[in-house]
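J.: Got a structure here, written out as structure tokens. Questions coming.
Throughout, read-outs are computed from the coordinates displayed, never taken from laboratory work. All figures in this text were calculated on a predicted structure; none of them were measured in a lab. A quick note on method: Cβ atoms are made from the backbone with ideal geometry, for glycine too, and the neighbour counts reach across all protein chains shown.
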Amino acid sequence: MAQRAVWLISHEPGTPLGGTVRFSRRYPTVEKRAKVFNGTSYVPIPEDGPFLKSLLFELRLLDEDRDFTESRDSCSRINKTSVYGLKVGGEELWPVVAFLKNGIVYACVPLVEQTLSPRPALISISAVSQGFELLFGIQDFLYSSQRIDTELNTKLSQLPDLLLQACPFGTLLDANLQNSLDSISFASVTHPQKQPAWKAGTYKGKPQVSISITEKVKSMQYDKQDIADTWQVVGTVTCKCDLEGIMPNVTISLSLPTNGSPLQDILVHPCVTSLDSAILTSSSLDAMDDSAFSGPYKFPFTPPLESFNLCYYTSQVPVPPILGFYQMKEEEVQLKITVNLKLHESVKNNFEFCEAHIPFYNRGPITHVEYKVSFGQLEVFREKSLLIWIIGQKFPKSMEISLSGTVTFGAKSHEKQPFDHICIGGTAYLKLHFRILDYTLTGCYADQHSVQVFASGKPKISTHRKLISSDYYIWNSKAPAPVTYGSLLL
Amino acid sequence: MGLLSREAWAQRLGAFRASPSAYMAAPEGEDLGRDLLSDLRSEKLSEQTKVSMLALSLEYPAQLWPDAPAAEAAATSLLDTLALLPPRPSALRRPLLLAATTALVTGGVLGPTSGASLRLLPLLLGLASGGDLGRRFGPSSDQRPLQATACECLRELESCKPGLLGGCLGLLRGLLGQEGPVAPVQPLSLLLALALRNTLVIQARARASLQGLLTVRAPPPGGGPWNWTLAQEGEAHLQPQAPSWPAAEEECGLSALEPSPEEARELRAAVAQLLDTSYLLTPVAQAQLLWLLGWALRGLRGQPPVLFKPQLVRLLGTAQLALLHAVLALKAAFGEALFTAQDEALLLRRLTLAAQHPALPLPAHLFYLHCLLSFPENCPLGPAGEEAAPLLLEPQLCRGLLPNLLHDPMALLARLHLLCLLCAEDEQKEEKGQAQSPCHYLQELLAGLQQRAALTGGPRALATLCFQASYLVALCLAGHHTVLAPLTHGLAQLYRARPALAPHFVDLLDRVAPELGEPLRVVLRQEVVSRPGGGEALRWHLQMLAKVADRDAQSATLGFLQAAAAHCTDWGLQQALLRVCRALLRAGVGGGLADLLQALARQLEDPDGRDHARLYYVLLSHLSGPKLGVALGPSLAAPALTSSLVAENQGFATALMVQEAPAPIRLSVGRQRAEGPVPVLQLQVEVLEPVYSLELRFRVEGQLYAPLGAVHVPCLCPGRPARPLLLPLQPRRPAPAQLDIRALYTKSTGLTCYTHLPPLPVKFADLFLPFPKLPEGARLGFFEELWDSCLPKGTESRLCCPLGPQGLEALVSRHLEPFVVVARPPTSYHIAIRLPPDSKLLLRLEAAQADGVPVVLRADDWAVLPHVGDYLRGLSAAV
């Protein structure tokens, strides 16, 4: 269940090495076990330099993919998980768990407590999921607040001490590194009662509970006869409970209005102590019917100190909040575009912002635009080959707005204009960006009165809601568009 | 080296980390370990610096203290440093404990003979139990973290030396159950679970009982010596061990352990105690606990896994990777005993959900998808170890897991695999609505991938993805023509659009089975040869053609090459062109190719290319087809070189030269025929592998016989009886001889081989020939005439031939029958033998007496007498 080594590597495209090892940690006692367990199939952990080179090559992060290289490009080298075999010094180091996120490659080598030949299935290796948790934990720690480079450096410099706490011998004790950081400062507190390991200390101060529900809506709209539009809501309920006592109990209920859309695919935080089976089984995998469980969704839990995601859910609302079509046609040297957007009457018409981004890929810079908008204004980013239609805070009374125009492009120069491998020929999309505060599409809300807190003092309870768009695409209906399997099931 | 400043240490540690091996190889590396230990006690260095020094020792102990004595000394020094710390809070205590533990383990010195071990273990156990020792050891504020650290150190020691804490199980249980100011739950729980698991395994292997280990609470620290017995048994077992996965069922062997009812109750209580407080552990630690307990209880009699049941619902609701993975481990370990069919279905649904839940990151999705295809089913149908869709995973459930073009490459491939599995099932069932069928969707997807790969200037990764997908489809759906036909067509279109992908096509053709490979080869060849030979893509076309050209469509291929030759102006293109010619030569293309090669031998600009074309032409006109194939086949010695020349030279060397090889041929001398004008040896030949054009060459030492002609056999196959080979002998003197034999033959691979066979003896009797048969009445006279003619030039001898049990008659009929002239059985035989070139041997055999058969012999050449003597003695031995 232990890790043999862990690395953080910043990916620096264009530099001679392609990246730098920002942090690495080896666990020699685990290595000692690996030698015994793996027997003749044992491959030692390489030094940072060779590891960096081999990993970046395997992840295709080196800039040298001009020529076909069999060891990387061969069709039979298929990776279906973030677990790799790295060629190091003529041998293959496996399994290496690795992924790239925000320019940093997170990597570790889980211990396999058996021989590596034949390779055991990943599912049978306990250290693989532990390795993922460690890397996710480090990632959360590095990016838990706003990303500023200096702050990242500070956090990176804290890592050696933190891992000494959270993973002293390669066996992960806590993936929540922030908690480990806190436990250093809480160390002097004495504990008369059993203290959860995931809670470094106790809170002292005014009791308060804050609950915020954020829903993201994504959509793929085609405006075609044979392809169904799809949309989905993904909700996240975030809590911060400042309550005294070691194990305060809290129950939060999420409710829906009578016409609300049932919550499905609910995943909860490990601090939730019990779950109604209706919550566990409510799933988008099943065909929807009226008998779907529609709440209230009760979550009893013992909160950790820090802000945490109490649960995630998805929901299938009956209509997308904004329905639109996008028609784009190539007419000699110019493109003719027509866009129509309609806000559904049930949606709160009060946006923090609402914009439609219309990018043109694989073309030259925009040289000329003629357009007409029924509402809002259009901004042209010539070099980026991008139009942004700023719709603003409200749709007009008719709830329907339109844009039409023609766009002319200059000669294509490869470096500057955006390349895209989906938007080939007439295939194109516009993407909606919007945010509505104090609103959820499902109608889901946390009633202040339904929050039960079993702790000393009456806490102040605050609730927040918002809806944001995410991957909200409207595809050009005059050309082929990428479809999901679901879209074909009309 | 003297005391270093903080900066100097920072620099030194940095230099070491940059490349430990280089640093240690340099002179400054020598003292690092020693300096580090001594400077840890320096009062001038800050704690922070010392922590970073200790951190280094935690990572590289083997480099700092490479052998066991050094490790032991280092651990001792670290423990001394720890003891010398002033009694105020210090950040050094934890890392010092960790470092001492690490040094002992990696140095391999942990054991009853190590002084440092005997100091460290009681110290750790004392700290972990939070007793007086801990209070003496440091200020109270350090107590709790030290207690946890001591547990972690003990856990690491137990991991590396299973059984070490076998004697402390009762103590640990007591600590965990303590009321009031309590020890930290998580480190104790994990330590107890690990020690419990190890103890069970060791005791089961030793076929011993638990011996009350779970209940004895007498703590060894302080006074009594450490109990190493279990650890010493355990040591032999720190070997590749299988996790609680079903494939390893047999190796578990816990069933050998038969706890008494009381022990079983205690064990259950211990496990329940651990599980009950498991919610106090961090999610990753909970997962570890479940794995350990699953390991511990699997296969153990009288321990129903229902203890785990109360935890499952809580765990199934989370999105935590480690927790869901641990549940799968329990599923694999206990199967139906813990998961009913409904539970299994629910778990599968949660897994399916987790594999696509938008709130989870991509690596988690991919891992869950892997788990889904390796799902430990209650009733698995397919072969173990192969990825397959579980039975309960209905296509309906997979809808959201199917790939589309917007997916990341890895996600696309993983989901594509699932889609292929569904298609394979779908095909088995009835065809449903065309548009919705997974196969139809698969085709659309592949078409999309091909379209993207066709983008000129697009990243190679997109092309690679398209070929990976094609490979995966060909692998999973090998027999599905409805999928493979459009795939072939689509790939051909892709080649038309972007010939620069030729290396990918070659790679694909190298790896896919013939179901896709053969039709693809044909369409690609058509694709290439139907173009005018020229243009930028020529080198790709030539590369492609070298892979796909064969005997079919020869004229079109040759036409293309003829046209292309004019455009092959540089060395690289000429090489590519010649490679195609070579491929055609191998495929056995004849006539038209000769013309082309002749033209190339004149026309190519590069002299090397011309020479080569000429060489090919010569080969084509002089070598038979199979031989040519081998001559030009890929050389084993030089598999992949850009220049065809080197590879070829290797190939020629092996193919055109005669190889010396161990013989697959066995020769033996058959029965002699004794007729005709000269003696003829009958050779029996057997082969171990097919042999063609066999030529056997014989030589006789000392010119006893006239030179022997070679024997030719066109073809011999193992197991097929061959007719005997006849080898006429022309002796110059009547004497036995040794035949020296060499064989030259061609193997089925076309290689010509040469071998020296073991020599064969020509026995004296092999040379015997009879005199012509005469009418009955004339025989005696004839014999007497011969008898008389031998003397005085020749010689007469009398000897007694010892006789076996069968008697004279048998002896004669078996060995001398053809040569008998006058027979009066059973008392007298007159025998006349011709010995080429012109000698004779006459024998009179009389009725057997007590000591054998009296033989009178005459020969006209006294030199044969010794051979005759040998022969007659041999006869008696043979009978």
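J.: Let me know the charge dipole size of chain B about its Cα centre in debye, to the nearest 20, where only the beta-carbon of Lys, Arg (+1) and Asp, Glu (-1) is charged.
T.: 380
J.: Treating region A:24-70 as a set of equal point scatterers at the Cα positions, no solvent, please give the Debye-formula log₁₀ I(q)/I(0) at q = 0.28 Å⁻¹.
T.: Listed by q, the Debye log ratios stand at -1.02.
J.: Among B:471-482, B:863-874, B:328-339, how do they line up by average Cβ neighbours within 10 Å per residue, starting with the highest?
T.: Result, highest mean Cβ count within 10 Å first: B:328-339, B:471-482, B:863-874.
J.: Where the eigenvalues come from the Cα gyration tensor of region B:347-420, what are the semi-axes √(5λ) of the equivalent ellipsoid, largest first, in whole Å? Kindly include the intermediate steps, with their values, before the conclusion.
T.: Working: eigenvalues 80, 33, 25 Å².
Square roots of five times the eigenvalues give 20, 13, 11 Å.
J.: So if the hydrodynamic radius of the protein assembly as shown is defined as the Kirkwood radius over C-alpha pairs, what does Stokes-Einstein give as its diffusion coefficient at 20 °C and 1.002 mPa s, in µm² per second?
T.: For the chosen part, D equals 55 µm²/s.
J.: To continue, here is another question. To the nearest 0.05, how large is the calculated FRET efficiency for B:Leu406 and A:Ser144 if R₀ is 25 Å and r is the Cβ-Cβ distance?
T.: 0.30
J.: Using 10 Å bins from zero, what percent of all Cα-Cα pairs in region B:436-478 falls into each bin?
T.: Spelled out bin by bin, region B:436-478 gives 29, 50, 19, 2 percent.
J.: DSSP loop (so not H, G, I, E, B), at most 14 other Cβ within 10 Å: list which chymotrypsin sites (Phe, Trp or Tyr not before Pro) in region B:683-785 pass both filters.
T.: Nothing satisfies the criteria.
J.: Counting only other chains, what is the mean number of Cβ atoms within 10 angstrom of the Cβ of each residue in peptide B:346-357?
T.: Mean shielding count: 3.
J.: If neighbour count is taken as other Cβ atoms inside 10 Å, put B:Leu97, A:Leu386 in order from fewest to most.
T.: Least to most surrounded, the residues fall as A:Leu386, B:Leu97.
J.: Could you tell me, in Å, what Rg and Dmax come out for the Cα atoms of region B:656-765?
T.: Rg, Dmax (Cα atoms, Å): 14.4, 43.
J.: Taking a virtual spin label 7 Å from the Cα of B:Arg531 along the C-beta vector, which residues in region B:490-513 bring their backbone nitrogen under 20 Å of it?
T.: B:490-510
J.: Could I ask something else about it? Please tell me the relative contact order of chain B in percent, rounded to the nearest whole number, where contacts are Cα pairs under 8 Å and at least six residues apart.
T.: On the way: 1313 pairs, mean separation 39.0, N = 879.
Relative contact order, chain B: 4 percent.
J.: Also, quick follow-up: Please state the relative contact order of region A:2-183 as a whole percent: Cα pairs under 8 Å, 6+ residues apart?
T.: In percent, rounded to a whole number, it is 26.
J.: Same structure again: Quick one: in region A:324-475, what % of C-alpha pairs are over 21 Å apart?
T.: 53
J.: Further question on the same structure: If r is the Cβ-Cβ distance from B:Gln730 to B:Leu688 and R0 is 35 Å, what FRET efficiency results, to the nearest 0.05?
T.: 0.65
J.: Then there's this: Taking 7 Å along the Cα-to-C-beta vector as the label spot, tell me the B:Ala68-B:Ser21 distance in nanometres, rounded to one decimal.
T.: 2.6
J.: Calculate the mean, over all residues of peptide A:265-278, of how many other protein chain Cβ atoms lie within 10 angstrom of the residue's Cβ. It would help to have the intermediate numbers written out before the result.
T.: Working: counts 10, 4, 12, 6, 5, 15, 3, 3, 2, 4, 6, 2, 3, 0.
Mean inter-chain Cβ contacts per residue within 10 Å come to 5.
J.: Please give, to one decimal in nm, the separation of the simple spin-label points placed at B:Ala208 and B:Tyr754, each 7 Å out from Cα toward the Cβ.
T.: 7.0
J.: Moving on to the next point. What number in nm² do you get for region B:542-632 if you take the convex hull of its Cα atoms and divide its surface by four?
T.: On the way: hull surface 19.9 nm².
The orientation-averaged projected area of the Cα hull of region B:542-632 comes to 5.0 nm².
J.: Could I ask something else about it? Just to confirm the filter: which trypsin sites (Lys or Arg not before Pro) across region B:734-823 are DSSP coil and have at most 14 other Cβ within 10 angstrom of their Cβ?
T.: B:Lys773, B:Lys793
J.: For region A:199-489, state the average projected area of the convex hull of the C-alpha atoms over all orientations, rounded to one decimal in nm².
T.: It is 18.3 nm².
J.: How big is the Cα convex hull of region B:769-879 in projection, averaged over all directions, in nm²?
T.: Average projection, Cα convex hull of region B:769-879: 6.5 nm².
J.: Right, next: Can you tell me the equivalent ellipsoid semi-axes for region B:308-378? Use √(5λ) from the Cα gyration tensor, largest first, whole Å.
T.: 20, 12, 10
J.: Moving on. For region A:379-490, what is the relative contact order in percent, using Cα pairs closer than 8 Å and at least 6 residues apart in sequence? Let's see the in-between values first.
T.: On the way: 84 pairs, mean separation 32.0, N = 112.
Once normalised by length, the contact order is 29 percent.
J.: With unit charges on the beta carbons (Lys and Arg positive, Asp and Glu negative) and the dipole taken about the Cα centre of region B:1-160, which residue among B:Ala55, B:Thr102, B:Ser140 sits farthest to the positive side?
T.: B:Ser140
J.: Can I ask one more? On full extension of the chain, what length is gained from A:Ile246 through A:Phe293, given 0.36 nm per residue of separation minus the C-alpha to C-alpha distance?
T.: Full extension from A:Ile246 to A:Phe293 adds 13.5 nm.
J.: Over all distinct Cα pairs, what is the inverse of the mean 1/r for region B:422-532, reported as the Kirkwood hydrodynamic radius in Å?
T.: On the way: mean 1/r = 0.0697 Å⁻¹.
Computed over Cα pairs of region B:422-532, the Kirkwood hydrodynamic radius comes out at 14.3 Å.
J.: What FRET efficiency, computed as 1/(1 + (r/R0)^6) with R0 = 56 Å and r the Cβ-Cβ distance, is obtained for B:Leu85 and A:Lys218, rounded to the nearest 0.05?
T.: Numbers: r = 57 Å, r/R0 = 1.03.
Taking R0 as 56 Å, the efficiency between B:Leu85 and A:Lys218 is 0.45.
J.: I would also like to ask the following. With 10 angstrom as the radius, rank B:Cys715, A:Cys354, A:Cys241 by how many other C-beta atoms surround their C-beta, starting from the fewest.
T.: In order of increasing Cβ crowding within 10 Å: B:Cys715, A:Cys354, A:Cys241.
J.: Between A:Phe454 and A:Ser346, what is 0.36 nm times their sequence separation minus the Cα-Cα distance? Round to one decimal in nm.
T.: 35.1 nm
J.: Rounding to the nearest 20 debye, state how big the charge dipole of chain A is about its Cα centre with +1 on each Lys and Arg Cβ and -1 on each Asp and Glu Cβ. If you can, show how the numbers build up before the last one.
T.: Values: 46 positive and 48 negative charges, 142 e Å.
For this selection, approximately 680 debye.
J.: In terms of Cα to Cα distance under 13 Å, which aspartates and glutamates are near enough to A:Lys240, apart from those fewer than 8 places away along the same chain?
T.: A:Glu306
J.: Could you state the number of Å between the C-alpha centres of region B:678-732 and region A:424-490?
T.: Distance between centres, Cα-based: 90 Å.
J.: Now a separate question. Treating only the Cβ atoms of Lys and Arg (+1) and Asp and Glu (-1) as charged, compute the dipole magnitude of the protein assembly as shown about its Cα centre; round to the nearest 20 debye.
T.: 540
J.: Give me B:Arg673, B:Arg525, B:Arg586 sorted ascending by neighbouring Cβ count inside 10 Å, so fewest comes first.
T.: Ascending number of Cβ neighbours within 10 Å: B:Arg673, B:Arg586, B:Arg525.
J.: Here is a further query. With each run of n ≥ 4 DSSP H residues scored as -39500 (n - 2.57), what mean residue ellipticity at 222 nm is computed for the protein assembly as shown after dividing by its residue count and rounding to the nearest 500 deg cm²/dmol?
T.: -12000 deg cm²/dmol
J.: Note down the Stokes-Einstein diffusion coefficient of chain B in µm²/s, whole number, using a Kirkwood radius over alpha carbon pairs, 37 °C, and 0.692 mPa s.
T.: Reported coefficient: 88 µm²/s.
J.: Follow-up question, since we're still on this one. How long are the three semi-axes of the equivalent ellipsoid of region A:2-183, in whole Å, if each is the root of 5 times an eigenvalue of the C-alpha gyration tensor, listed from largest down?
T.: Numbers: eigenvalues 129, 101, 35 Å².
Semi-axes from the Cα gyration tensor: 25, 23, 13 Å.
J.: Quick one: Cα centre-to-centre distance for region A:37-98 and region A:303-335, in angstrom?
T.: Cα centroid of region A:37-98 versus Cα centroid of region A:303-335: 36 Å apart.
J.: So for the protein assembly as shown: antiparallel DSSP bridges make up what percent, rounded to the nearest 5?
T.: If we restrict to bridges inside the protein assembly as shown, about 90 percent are antiparallel.
J.: Which value results for Rg/Rh of chain A when Rg is the Cα radius of gyration and Rh the Kirkwood radius based on the inverse mean 1/r? Could the numbers behind the result be given before it?
T.: Values: Rg = 26.3 Å, Rh = 26.3 Å.
Across chain A, the Cα-based Rg/Rh ratio is 1.00.
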